[in-house]
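Nothing in this text is a laboratory measurement; each read-out follows from the coordinates by a stated rule. As the structure is a prediction and not an experimental result, all values here were calculated from the model. Positions of Cβ are backbone-derived with ideal geometry, glycine not excepted, and every protein chain shown enters the neighbour counts.
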Amino acid sequence: MTSTNILTYGPMLAAILALIIKWNGMKKFIPAGLFACFYANMVCHIAMALNWWTYPNELMEPIVNCILVPVSAMFWIRYAPPRISGLIIWNLLWSNILAVSEFYAERFTNVIKYYNEYDWYYSFALWIISWFVWYAFHLWFNDKDVVV
């Protein structure tokens, strides 16, 4: 099994398995997951139209945008600390993990390719912004406030 196959199917299987194992209590996070899927598809289509990145493997776009991102957003929101200071650290931790994973995927596999001087640090910033957008949607949808 190549590293491209591991990076293509491993996270997808892990996300689905984690969702199955932790299904109890995840129902209230489904709207945020669906919003994250919509958001990820929009950002991805804009980025691909601007020629920032492509997925050489045709399966990667739906796997990332419709499985990995929504499930990750659901877990991120579920286990996010209630206070804003903890939320910032939580965001940086997850953004670092995903940016490092994306860096490895772009540099050493054929999973994703960057163009036009787009690089991992732009993805890092995009992840940071995205987590807060998804969390804000969840708070808005459930009529909640952030604890300062």
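Numbers below:
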| read-out | value |
| --- | --- |
| With Cα atoms, 0 to 90° folded angle of helix 30-49 axis to the chain main axis | 30 degrees |
| At most 10 other Cβ within 10 Å, DSSP loop - chymotrypsin sites (Phe, Trp or Tyr not before Pro), region 1-107 | 23 |
| Contour excess over end-to-end distance, with Cα ends at residue 139 and residue 38 and 0.36 nm allotted per residue | 34.6 nm |
| Inter-probe distance in nm under a simple model that places probes 7 Å from Cα toward Cβ, at residue 45 and residue 97 | 3.0 nm |
| The chain: Rg to Rh, with Rh as the Kirkwood radius over Cα pairs | 0.96 |
| Whole-Hz couplings from phi, Karplus 6.51/-1.76/1.60, listed for region 63-70; x for Gly and Pro | 5, 5, 6, 10, 10, 5, 5, x |
| Low-density loop positions, GluC sites (Glu not before Pro), region 50-148 - DSSP coil, at most 10 other Cβ in 10 Å | 58, 117 |
| Label-zone membership for region 66-106, site residue 21, 7 angstrom Cα→C-beta point, backbone N under 11 Å | none |
| Sites matching trypsin sites (Lys or Arg not before Pro) across region 73-148 that sit in DSSP coil, with at most 11 neighbouring C-beta atoms within 10 Å | 144 |
